[in-house]
1. With the condition being more than 26 Å from Leu229 (Cβ to Cβ) and either within 16 Å of the ligand (Cβ to nearest atom) or in contact (Cβ under 8 Å) with a residue 12 or more places away in the chain (or both), I'd like the strands (runs of 3 or more DSSP E) fully within the stretch 68-161 carrying at least 3 qualifying residues.
2. Is it fair to say Lys64 is out of contact with any His (no Cβ under 8 Å at 6 or more places or on another chain), touching a residue at least 24 places away in the same chain (Cβ under 8 Å) and either more than 11 Å from the ligand (Cβ to nearest atom) or not small (Gly, Ala, Ser) (or both)?
3. Which of the residues spanning the stretch 304-343 are surrounded by fewer than 17 Cβ atoms within 10 Å (Cβ to Cβ), touching a residue at least 60 places away in the same chain (Cβ under 8 Å) and part of a helix (DSSP H, G or I)?
4. If I ask for residues that are under 12 Å from Ile26 (Cα atoms) and touching a helix residue (DSSP H, G or I) at 6+ places or on another chain (Cβ under 7 Å), which ones from the stretch 36-74 would you list?
5. Can you say whether Glu85 is crowded, with 24+ Cβ neighbours inside 10 Å and of a type in the set (Asp, Glu), as far as the supplied structure shows?
6. Does any residue in the stretch 32-54 that is under 15 Å from Met136 (Cβ atoms) and of a type in the set (S, T, N, Q) come within less than 8 Å, Cβ to Cβ, of a residue that is within 11 Å of the ligand (Cβ to nearest atom) and in a strand (DSSP E or B) six or more places away or on a different chain, and which pairs are these?
7. Do you know which residues across the stretch 38-61 are within 24 Å of Val105 (Cβ to Cβ) and more than 10 Å from the ligand (Cβ to nearest atom)?
8. Checking Leu284 against (1) closer than 24 Å to Met113 by Cβ; (2) touching a helix residue (DSSP H, G or I) at 6+ places or on another chain (Cβ under 7 Å); (3) surrounded by 18 or more Cβ atoms within 10 Å (Cβ to Cβ), which test does it fail?
Amino acid sequence: MRKLLLCIMALFIGANMAEAKPKVAILATGGTIAGSTDSKLATTGYTAGVLGVEVLIQAVPELKNLADITGEQIANVDSSNMTDEIWLKLAKRCNELLSKVDGIVITHGTDTMEETAYFLNLVLKSDKAVVLVGAMRPATAISADGPKNLYNAVALAANPNAKGKGVMVAMNDKILGARDVQKTHTLNVNAFDFGNLGYIVDGKVFFNSTNLKAHTKKTDFDISKLKTLPKVDILYTYSNDGSGVAAKALFENGTKGLVIAGSGAGSIHTAQKEVLKDLLKKGLKVAVSSRVKSGFVAVGDEDKKIGFISAQDLNPQKARVLLMLALTKTNDTKKIAEWFLKY
Ligand code: ASP
């Protein structure tokens, strides 16, 4: 009799365990994945950030097989209009939710997805999976890529092996790490590259690589009490870039840090550089990145001495994120330069 009772109990527990699905929260911020237009053929000229999170979830009933899903609308914007305010709201909500769920999926426009991903990678305080996902074609288009991307993102966020990998992007069956991922095509479905961590095939997750830079729980940054972020802007250098008017105007209007999209390995037109040297003396922080798609930036010893910081291999928009966060903690140029190596 006792044996029979134990068997029944074991069966009952087993059945319950088999049913226990991971909990995944989907936080929606807008973008083309929530985009809509009248023409099924249109992949440009549509309005991004229209459909609500529930519509996105209902469009993929198969999500239920992967996880217990909840949805929340954080914002509904074209990500070219992303703001610090939305970033802070999103990061704070993620940090709250990460103690309650197994993973988070963030639907996001693709234009600035790499910036949001890197920001979260530096400020979230959990090992659990956080995955950004978007679409290159609006939800109304023939062969819209959003539903499959969303399915993949949830599969990834629900996968136990995704723990500790830092914030990730799931686009076009690829898993890409937040630090290095870049949008590399304006319209193709295969629009993201760099930071390849693995693949998602038919809902199965395969990791083949890892990100060695510090992230999430191992960073120096804490946004929990912040209401704003320091103003950091980006300036390009180019032939005949001589006046420095923009740098001066930005500084006079409250910009605390500038990222220069230098030419080659971080060169800056001399005339522009002279203006920057002057602004460095007045307290501006300057990180030098490159307008070239990949590679390290070399800042010479003389330039280092006067305050120029190498953004290493971070592109200008990612360097901006790090400089901004660094400035929430310190004004020490040496410390900031160290963090560019660390993150
Ligand atoms: N402009 C859109 C956005 O970033 C593009 C997209 O989502 O693909 O919101």
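1. The strands (runs of 3 or more DSSP E) meeting that bar are 68-77.
2. Values: out of contact with any His (no Cβ under 8 Å at 6 or more places or on another chain): yes; touching a residue at least 24 places away in the same chain (Cβ under 8 Å): no; either more than 11 Å from the ligand (Cβ to nearest atom) or not small (Gly, Ala, Ser) (or both): yes.
No.
3. Result: Lys342, single match.
4. Leu56, Ile57, Leu63, Ala67, Ile69, Gly71, Glu72, Gln73, Ile74
5. Numbers: crowded, with 24+ Cβ neighbours inside 10 Å: no; of a type in the set (Asp, Glu): yes.
Answer is no for this residue.
6. So the pair list comes out as Ser36/Thr47; Thr37/Thr47.
7. Result: Val50, Leu51, Gly52, Val53, Glu54, Val55, Leu56, Ile57, Gln58, Ala59, Val60, Pro61.
8. All conditions pass for Leu284, except number (1).
Since every read-out is calculated from the coordinates, none of them should be taken as a lab result. Predicted model only: the values in this text are computed from it and were never measured. In this analysis, Cβ positions are derived from the backbone assuming ideal geometry, glycine residues included, and neighbour counts consider all displayed protein chains.
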